[in-house]
Amino acid sequence: MKRLLCLVVVLLCVVGMASAQKFSPAIVQHQNSAVGHISMHGLAAPQQPSYCSPCFFYGGDGNPNSGNANGLWDNYMDYFALDGVDYTPFLVKKVKGVHGRHLSVSGVGGNLEMYPNNVINGTDPVIADVPWSIVTGVATGGTPNTVTTVCSGDDAAPTVVDNGRLYFGFYEEYNVSAATGGGCALTLSHKGTMLWQANPVHTTTFQLAYESNVSDWPSFPNAFGPQEPSDQSYFWGPNFGIPTFTNANTQGYFHAFSADIEGTISK
């Protein structure tokens, strides 16, 4: 029987703030008619992000005012012993008008809806590190142990940028980007090879983190580079009863994620 995973997260967060020991985060946070429209607290509509620089791929913006706004758990959280990772596809494809077929990846990033945050609490999210990876072989029924790792690492000082988008009244969206430190080189092709990127945060305190979906899909607002393949994202979360890769769409409206790859192309 399909599990009911889409919950009214705002109510859960209120309970969590009052008694964190009794609180258990939901796997999904989503827009609900009871929540209403969410403001961007005075900021203009988002443009192609400056934080993806030099940008090879960006999946597109989320939209907190959309009825399809969603976030999927993307956090190794020690506080509640909850592990869950989103695997987002991207195409290693030659870029029209850009000479070169080798991509040197400098950063692996994604937009995360986080609480606590600066808007609500006056403090930025507390992130211990980001264990990032770029892999092949993600498919239904697999696990992180069955994929082939192309590049991976752990950034203890990720770049964290406040995007100015507030979701569900509590969750501020931040771009969290892990630096690769060099040595992650991918070969581009005309047709394109599909890889998956993961950049879950690792938190040791009470820190919730959900990766934003591209809520205006099939439009990809402000997307950049090779378009993200739709409906090919996967979730792994053994503590949520999902011990093998499951298509992200089984958890809600997750046709595409707001993720990015930074890097430069050369011959």
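Select from the range 122-141 the residues that are part of a loop (DSSP other than H, G, I, E, B) and among the β-branched types (Val, Ile, Thr) and write down the one among them that is farthest from residue 243 (Cα to Cα).
If we take residues in the range 122-141 being part of a loop (DSSP other than H, G, I, E, B) and among the β-branched types (Val, Ile, Thr), then 123 is farthest from residue 243 (Cα to Cα).
Residues that are in a loop (DSSP other than H, G, I, E, B), out of contact with any strand residue (DSSP E or B) (no Cβ under 6 Å at 6 or more places or on another chain), over 28 Å from residue 183 (Cα atoms) and aromatic (Phe, Trp, Tyr): does the range 199-216 have at least one?
Yes - at least one qualifying residue is present in the range 199-216.
Can you work out which of the residues in the range 252-263 that are assigned to a strand (DSSP E or B) and under 16 Å from the mean Cα position of the chain (by Cα) is surrounded by the fewest Cβ atoms within 10 Å (Cβ to Cβ)?
262
Can you tell me which residues in the range 174-189 are of a type in the set (Val, Ile, Thr) and either over 17 Å from residue 91 (Cα atoms) or crowded, with 21+ Cβ neighbours inside 10 Å (or both)?
176, 180
Identify the residue in the range 211-246 that is closer than 25 Å to residue 105 by Cα and aliphatic (A, V, I, L, M) and, among all such residues, is surrounded by the most Cβ atoms within 10 Å (Cβ to Cβ).
Result: 214.
Could you list, in sequence order, all residues of the range 223-267 that are in contact with a Gly (Cβ under 6 Å, 6 or more places away or on another chain), polar (S, T, N, Q) and farther than 14 Å from residue 88 by Cβ?
Within the range 223-267, 244, 266 meet the criteria.
For (1) over 18 Å from residue 232 (Cα atoms); (2) in contact (Cβ under 8 Å) with a residue 12 or more places away in the chain; (3) of a type in the set (Lys, Arg), each residue gets a yes or a no:
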{"site": "112", "(1), (2), (3)": "yes, yes, no"}
{"site": "115", "(1), (2), (3)": "yes, yes, no"}
{"site": "136", "(1), (2), (3)": "no, yes, no"}
{"site": "145", "(1), (2), (3)": "yes, no, no"}
{"site": "153", "(1), (2), (3)": "yes, yes, no"}
{"site": "160", "(1), (2), (3)": "yes, yes, no"}
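Please indicate, with yes or no, whether at least one residue in the range 190-204 is crowded, with 16+ Cβ neighbours inside 10 Å and more than 22 Å from residue 149 (Cα to Cα).
Taking every residue of the range 190-204 in turn, at least one turns out to be crowded, with 16+ Cβ neighbours inside 10 Å and more than 22 Å from residue 149 (Cα to Cα).
Identify all residues within the range 221-246 that are assigned to a strand (DSSP E or B) and polar (S, T, N, Q); write none if there are none.
Across the range 221-246, the qualifying residues are 244, 246.
Of 182, 164, which residue is modelled with pLDDT under 95, assigned to a loop (DSSP other than H, G, I, E, B), over 15 Å from the mean Cα position of the chain (by Cα) and at positive phi?
Just one listed residue meets the conditions, 182.
Which condition does residue 249 not pass, out of (1) of a type outside the set (Val, Ile, Thr); (2) surrounded by fewer than 21 Cβ atoms within 10 Å (Cβ to Cβ); (3) touching a residue at least 40 places away in the same chain (Cβ under 8 Å); (4) not in a loop (DSSP other than H, G, I, E, B), if it passes all the others?
Among (1) of a type outside the set (Val, Ile, Thr); (2) surrounded by fewer than 21 Cβ atoms within 10 Å (Cβ to Cβ); (3) touching a residue at least 40 places away in the same chain (Cβ under 8 Å); (4) not in a loop (DSSP other than H, G, I, E, B), residue 249 violates only (3).
Check the range 13-25 and report whether any residue there is at pLDDT 80 or above and either surrounded by fewer than 19 Cβ atoms within 10 Å (Cβ to Cβ) or in a loop (DSSP other than H, G, I, E, B) (or both).
No.
Sort out which residues of the range 72-92 are surrounded by fewer than 20 Cβ atoms within 10 Å (Cβ to Cβ), charged (D, E, K, R) and assigned to a strand (DSSP E or B), and write them in order of number.
Scanning the range 72-92 gives a single hit, 83.
So which of 136, 149 ends up being within 20 Å of residue 75 (Cα to Cα) and surrounded by fewer than 16 Cβ atoms within 10 Å (Cβ to Cβ)?
149
The values are calculated or read from the model by the stated rules, or taken from the named source; none is laboratory data. Computed from a prediction, not measured in an experiment: that's the story for all the values here. In this analysis, Cβ positions are derived from the backbone assuming ideal geometry, glycine residues included, and neighbour counts consider all displayed protein chains.
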